[in-house]
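The structure appears right after this line, and notes come after that.
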Amino acid sequence: MISFSLSNRLIFVFSLLGLSVASFLFYKYGLNESVFCPIGKGCDIVRTSSYSHILGIPIPFLGVVYYLTMALLSVVHSHQLPHKLVRKLQLLASTFAVGFGVYLTFLEVFVIRAYCFWCLMSFIISVVIFLAIVVSRYEIRN
Amino acid sequence: MKYETKILGAILIITVVILFGGIFLLSRNQENNIFQIDYSRGQKIGSDSAKVRMVEFSDFECLACSAVEPYIVKLRAADPSKIQLIYRHFPLSQHAHSSQAAALAEAAGEQGKFWEMHDKLLETQAKWSSMNDATAFFMDLVKELGLDEDKIKQTMAGNVIKAKIDSDVAEGNSLGISQTPTFFVNGRKLDLQKFEDLDTLVEQELKK
């Protein structure tokens, strides 16, 4: 179990990491150019698939909004630790993000049948953020 | 306000400024810069005196390159005295067969069938890109196009084609290309939001 302070710092650092990954992908999606894939070659397949946008919105843009919100919440949270409402918002947003990440990874594995390195990185980051929140919540209960 | 809140807030603001400022500047530079391109190189369709000269840096194994092809085909059918299309190689290192495919297309070009091989390679991309060794499949394409197989093998093994592809890559690198397809219209690097915009941008350039 980790302290609220450490949990909040972890959320902040990983949100900035996620923000960098999502911004990079958002920029590349906007240019409609091939995305550099450090491992494998699935980035382009995923980018050009019909699942790369939801209601016309590129998926990486949702990532930018999510990570920016999480980073902002952790800045606000650092002012008063622990703050019930902020914790609830963080837990709610990260649960939704991980759920959405599971859905997108499912699409990559079973529907698109290609793996996008950056998307998987973002998924792992969102899982780390979720764990950082959940683990610190246990501390309050025990 | 707590000291930590100030520090985290400052880090967040700096990160956001760097990320979004960088994206803004990169996008703006791409719009305004006129790049000096060597028009003597590459495989061409259309006149050297055409009003619009479009250069495509491409990779036969890149999925986006095959996705953009229907829009290129439209431009290929346009008036060759007004629009010139130039194909330049930019095989990406993460693609296992793209250099071999580029060499094959150039070797076919030596027998006057570059564009026929170009089309075949993009049409069949999904098949050969997943193979461990695509040589036999490529030779089937050679036969299909009625090319001299021995000559193709000889040309592909030679240094002339390798040097040609390497010089395309070198120029691409000097132009700051890192992905494919990258298009230049009259020296201006295109910032395409969607491939459909390609035809519109070329039409706009024609009207200038």
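Of all residues in segment B:31-77, those satisfying the criterion of being in a loop (DSSP other than H, G, I, E, B) and surrounded by fewer than 17 Cβ atoms within 10 Å (Cβ to Cβ) are B:Asn33, B:Phe35, B:Gln36, B:Asp38, B:Tyr39, B:Ser40, B:Arg41, B:Ser47, B:Asp48, B:Ser49, B:Lys51, B:Ala77.
From the list A:Ser94, A:Ser74, A:Ser5, the lone residue that is assigned to a helix (DSSP H, G or I), of a type in the set (S, T, N, Q), buried (at least 17 other Cβ atoms within 10 Å of the Cβ) and at the interface with another protein chain (Cβ under 9 Å from one of its Cβ atoms) is A:Ser74. Contact list please: Cβ distance under 9 Å, first residue in segment B:80-95 and outside the structural domain of B:Asn173 (by TED's automatic domain parsing), second residue part of a loop (DSSP other than H, G, I, E, B) and open to solvent by 20 Å² or more (accessible area, probe 1.4 Å), pairs at least six apart or on different chains. Every condition considered, no pair remains.
Filter segment A:103-123 down to the residues that are in a helix (DSSP H, G or I) and surrounded by fewer than 13 Cβ atoms within 10 Å (Cβ to Cβ) and list them by number.
Correct list: A:Tyr103, A:Phe106, A:Val109, A:Phe110, A:Val111.
Identify all residues within segment B:144-161 that are of a type in the set (Asp, Glu) and closer than 14 Å to B:Lys113 by Cβ; write none if there are none.
Kept after step one, since they are of a type in the set (Asp, Glu), are these residues of segment B:144-161: B:144, B:148-150.
Those that are of a type in the set (Asp, Glu) and closer than 14 Å to B:Lys113 by Cβ: B:Glu144, B:Asp148, B:Glu149.
Residue-wise test of (1) in a helix (DSSP H, G or I); (2) closer than 16 Å to B:Gln43 by Cβ.
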{"position": "B:Gln94", "(1), (2)": "no, no"}
{"position": "B:Gly109", "(1), (2)": "yes, yes"}
{"position": "B:Asn132", "(1), (2)": "no, no"}
{"position": "B:Ile161", "(1), (2)": "yes, yes"}
{"position": "B:Glu171", "(1), (2)": "yes, yes"}
{"position": "B:Phe184", "(1), (2)": "no, yes"}
{"position": "B:Glu205", "(1), (2)": "yes, no"}
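Keeping to segment A:29-69, report how many residues are facing another protein chain (nearest Cβ under 8 Å) and over 28 Å from B:Ser98 (Cα atoms). Result for segment A:29-69: 1.
The rows are residues; the columns are (1) crowded, with 21+ Cβ neighbours inside 10 Å; (2) closer than 19 Å to B:Glu203 by Cβ; (3) within 14 Å of chain A (Cβ to nearest Cβ).
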| residue | (1), (2), (3) |
| --- | --- |
| B:Asp79 | no, yes, no |
| B:Pro91 | yes, no, yes |
| B:Gln94 | no, no, yes |
| B:Trp115 | no, no, no |
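Is it fair to say B:Ser99 is in contact with a Pro (Cβ under 6 Å, 6 or more places away or on another chain) and more than 14 Å from chain A (Cβ to nearest Cβ)? When the stated conditions are applied, B:Ser99 passes them. The single condition from (1) outside any loop (DSSP other than H, G, I, E, B); (2) open to solvent by 70 Å² or more (accessible area, probe 1.4 Å) that B:Tyr87 fails is (2). If you check B:Ile72, B:Ile37 for being more than 28 Å from A:Ser20 (Cα to Cα), outside the structural domain of B:Ser130 (by TED's automatic domain parsing) and touching a residue at least 60 places away in the same chain (Cβ under 8 Å), only one passes: B:Ile37.
The set of residues from segment B:134-159 being open to solvent by less than 30 Å² (accessible area, probe 1.4 Å) and part of a helix (DSSP H, G or I) comprises B:Phe138, B:Met139, B:Leu141, B:Val142, B:Ile152.
The values are calculated or read from the model by the stated rules, or taken from the named source; none is laboratory data. Quick caveat, the model's predicted, so the values are computed rather than measured. Cβ: placed from backbone, ideal geometry, glycine included. Neighbour counts: every protein chain shown. SASA here: full protein model, heavy atoms, side chains in, ligands and nucleic acids out. Shrake-Rupley method; radii C 1.70, N 1.55, O 1.52, S 1.80 Å.
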